[in-house]
Amino acid sequence: MSEAVDDESVRKFVAAYLKKKGFKQAENAFQEELNKNTNSSSSPISFNSQLDPDVAKHILSFSQYEEGPAQYQDGYAKLRSWTYTSLDLYRHELLRVLYPVFIHCFMDLVAKGHIQDARTFFNSFREDHEMMHLRDLQKLEGVLSPSHLEEMEFAHSLRQSKVNIKICQYSYELLLQFLHKSQSTTVLGIINEHINFQVSPGQPSSISEDAEAVTLTGSSLDSANQINQKEIHWGLLEDSFEERLEKAGALDSEKAEGESKEGDGDENKKKSSEGAKQGSSNKKLKKDKASGATAKTARPEATPVTAVPRVKPELTLPVIPTEVEQSIFEDLRTRVQLSSAALPSVSFYTFINTHNGLNCSSISHDGSMVAGGFSDSSLKVWDMAKIGQQGLDSLQGENGTTTSSEQVLSNGGKKPYTLFQGHSGPVYSATFNPLGDFILSSSADSTVRLWSTKLNANLVCYKGHNYPVWDVQFSPVGHYFASASHDRTARIWSMDRIQPLRIMAGHLSDVDCVQWHANCNYVATGSSDKTVRLWDVQTGECVRIFIGHRSMVLSLAMSPDGRYMASGDEDGTIMMWDLSTGRCVTPLTGHTSCVWTLDFSGEGSLLASGSADCTVKLWDVTASTKLPRTEENKSGNTSRLRSLRTLPTKSTPVYSLRFSRRNLLFASGVLSKTV
């Protein structure tokens, strides 16, 4: 009886399918054949007697798939249940399949017009993915009709994309067995169309590699791989300060050894003058002296930067005055050598009474000045030397709100900061040039402004972006700067021209942050599309695409030798990239909220990260980049090996970090009572 029912079902479905697809000739031929078989025999010939049983089953299951949206709900629910009950050893790899199947089930339902079923499906299973993909889910919530799938660029790119999933051979075979047994053609179709499995022999990868095991790439995957084949020259500039200092050190090593005592005295004098600039107390001076002593003892262990290749500048570099060069050389000579055994202390500048108005902060290269960008379109710069003389412990966001600021006003009649006004929208970023005599600010008014800290005046307004400018950064040599905007572009500028020199377009969403390479030949950009791109300044071409983040990229830092780049995202993950290969060396996990700022120490052995979770973390770059993969897998949690120290603040999200040329670490943030 069941065979006859199946036979009738198959016959009806084939006829209905041919009619639906408009195959009229095939439909007529099929009907004629059925009529002949019916007339020529008292009993009709069974389809199932001529078909393989499995084929008949697949035809029937496909007919159900064609009928309605219930198959999406059932297919995903079965896959989810099977995945969560699979063996612990393979579960974390199999779980990687759920998210792409989930979003494509939802979008397929919307595309077919089953809007209410799509909402029900979405709300039923969204909790499974909120921890890792909350931002994506919030975007997809806005998809309410088939037209939205085309209009919303995020949804459109997902529909055109494939997900690369790393999985071991046995996990892959388990998944295939399940799909075969469950006969869920809905899920099978989505997996075939939208998932590209990268199957590896041996044991499953460790859970710590999950961050880089799933990467979402569109039809641009091949082009991204092609771009990453381009040659880049990540070395330092010829005749750089470090190279000249190294040569001088090799020639004068004996002389320097003989004059070490005198050098100590000079160094302490220099330290004390820097300490006065920073508004530090005697305690701070003592710390500086101690760090100077540490420099002397740690120096023999420091590894010289001899293996770093040298490159020629693609930009015309500005001329640096002789006295400035001498000052930089002095700073480099007396730089504290940091390592996992010699960690820096942090001088933290806290903004108070900002009334939620502070959007960004920036610290000058020597820590002597701190800038804050505010929602009322103002930029304020504090001179740490003046703060120290007046005895203020914190940076006042507004005047007259505490007794200390009132005291300043009554004593000298002067504000504790310099106010720069000119923007017509909130200020989102600020950056000092290496010498500290200029500062750039970017704003929601789509402009970048150049200010003089000596003249206390606005010099130039740079117009080019069409939407808010989220970030602006001076190059390591000054004069040139880069900006990043909501208009999905980054731009290269020079101080003496009001039009951009290069426009770098390619990101699919906002460009949130920008960072220069140490040799000034490249600029990196981080975006809300979860990728980081590296651009050639001379040509404006993208030469690397770094794929692996699961949320928007908020911060970038380049290693001093130019070989590595660190990027921090909204989820609190930091990724270390090798620029030459374009691959992630290692993910560093530990922060529980947005990573807003990153900076490498002067010799490149440490990475400092500042987060909205109110902590500064110090990471061992040497261990991060040199630890073999085999050891990583044995250790289980790889990032724990590389996290050297966590420095919590009382209640202050960390907005910016800066290692000075002498390797002193400065940080700033705003006191938040709601954290």
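The values are calculated or read from the model by the stated rules, or taken from the named source; none is laboratory data. None of the values given here were measured: they were computed from a predicted structure. As a convention, Cβ positions derive from the backbone with ideal geometry for all residues, glycine included, and neighbour counts pool all protein chains shown. Surface areas here come from the heavy atoms of the whole protein model, side chains and all, with no ligands, DNA or RNA. Shrake-Rupley method; radii C 1.70, N 1.55, O 1.52, S 1.80 Å.
A few comments on the model shown:
- Failed item in (1) under 16 Å from Met369 (Cα atoms); (2) open to solvent by less than 10 Å² (accessible area, probe 1.4 Å); (3) not β-branched (Val, Ile, Thr), with Lys454 passing the rest: (2)
- For the condition over 30 Å from Lys673 (Cα atoms) and surrounded by fewer than 20 Cβ atoms within 10 Å (Cβ to Cβ), Val336 does not qualify.
- Only one of Asn466, Asn458 that is among the polar types (S, T, N, Q), more than 23 Å from Leu236 (Cα to Cα) and assigned to a strand (DSSP E or B): Asn458
- Residue satisfying all of: in the stretch 30-45; open to solvent by less than 80 Å² (accessible area, probe 1.4 Å) and among the hydroxyl-bearing types (Ser, Thr, Tyr); modelled with the lowest pLDDT among these: Ser43
- Exclusive hit being open to solvent by less than 20 Å² (accessible area, probe 1.4 Å), more than 17 Å from Ala224 (Cβ to Cβ) and out of contact with any strand residue (DSSP E or B) (no Cβ under 6 Å at 6 or more places or on another chain), set Cys513, Cys520: Cys520
- Helices (runs of 4 or more DSSP H) lying entirely in the stretch 114-188 (those with 3 or more residues that are at negative phi and of a type in the set (Ser, Thr, Tyr)): 169-182
- Residues that are under 23 Å from Ile191 (Cβ atoms) and open to solvent by less than 50 Å² (accessible area, probe 1.4 Å) within the stretch 129-148 comprise His129, His133, Asp136, Leu137, Leu140, Val143, listed in sequence order.
- Matching residues in the stretch 523-556 - criterion: being open to solvent by 30 Å² or more (accessible area, probe 1.4 Å) and within 8 Å of the chain's Cα centre (by Cα): Lys530, Leu554
- Lys673 assigned to a loop (DSSP other than H, G, I, E, B) and either closer than 30 Å to Asp331 by Cα or at pLDDT below 90 (or both): yes
- Asp437 over 21 Å from Ser668 (Cβ atoms) and surrounded by fewer than 24 Cβ atoms within 10 Å (Cβ to Cβ): no
- Just one of (1) part of a strand (DSSP E or B); (2) in contact (Cβ under 8 Å) with a residue 60 or more places away in the chain fails for Thr586. It is (2).
- Only listed residue being surrounded by fewer than 18 Cβ atoms within 10 Å (Cβ to Cβ) and either of a type outside the set (Gly, Ala, Ser) or at pLDDT below 95 (or both), chosen from Gln421, Gln473: Gln421
- So Ser364, is it at pLDDT 85 or above and within 29 Å of the chain's Cα centre (by Cα): yes
- Residue count for the stretch 507-528 under the criterion of being assigned to a strand (DSSP E or B), over 21 Å from Val311 (Cβ atoms) and of a type outside the set (D, E, K, R): the result is 4.
- Residues that are open to solvent by 30 Å² or more (accessible area, probe 1.4 Å) and farther than 13 Å from Val553 by Cβ, drawn from the stretch 570-584: Ser580, Thr581, Arg583
- Among residues of the stretch 557-569 being open to solvent by 10 Å² or more (accessible area, probe 1.4 Å) and in a strand (DSSP E or B), the one that is farthest from Leu598 (Cα to Cα) is Tyr564.
- Boolean, His92 is in contact (Cβ under 8 Å) with a residue 40 or more places away in the chain and under 19 Å from Ser157 (Cα atoms): no
- Picking from residues in the stretch 525-571 that are of a type in the set (S, T, N, Q) and touching a Lys or Arg at 6+ places or on another chain (Cβ under 6 Å), the one that is modelled with the lowest pLDDT is Ser551.
- If only residues of the stretch 497-506 that are of a type in the set (A, V, I, L, M, F, W, C) and not in a strand (DSSP E or B) are counted, the one that is nearest to the chain's Cα centre (by Cα) is Leu501.
- Some residue of the stretch 476-496 being without any contact (Cβ under 8 Å) to a residue 24 or more places away in the chain, part of a strand (DSSP E or B) and not charged (D, E, K, R): yes
- Count of the stretch 73-113 residues, restricted to those that are open to solvent by 10 Å² or more (accessible area, probe 1.4 Å) and either outside the structural domain of Leu174 (by the TED database) or more than 15 Å from Ile190 (Cβ to Cβ) (or both), is 13.
- In the stretch 339-366, of all residues being in contact with an Asp or Glu (Cβ under 8 Å, 6 or more places away or on another chain) and among the small types (Gly, Ala, Ser), the one that is most open to solvent (accessible area, probe 1.4 Å) corresponds to Ser340.
- Those residues of the stretch 147-157 which are free of Cβ contacts under 8 Å to residues at least 60 places away in the same chain and either of a type in the set (A, V, I, L, M) or in contact with an Asp or Glu (Cβ under 9 Å, 6 or more places away or on another chain) (or both), in sequence order: Leu149, Met152, Ala155, His156
- When the stretch 309-352 is filtered for residues that are under 30 Å from Leu501 (Cβ atoms) and polar (S, T, N, Q), the ones remaining, listed by number, are Thr316, Thr322, Ser327.
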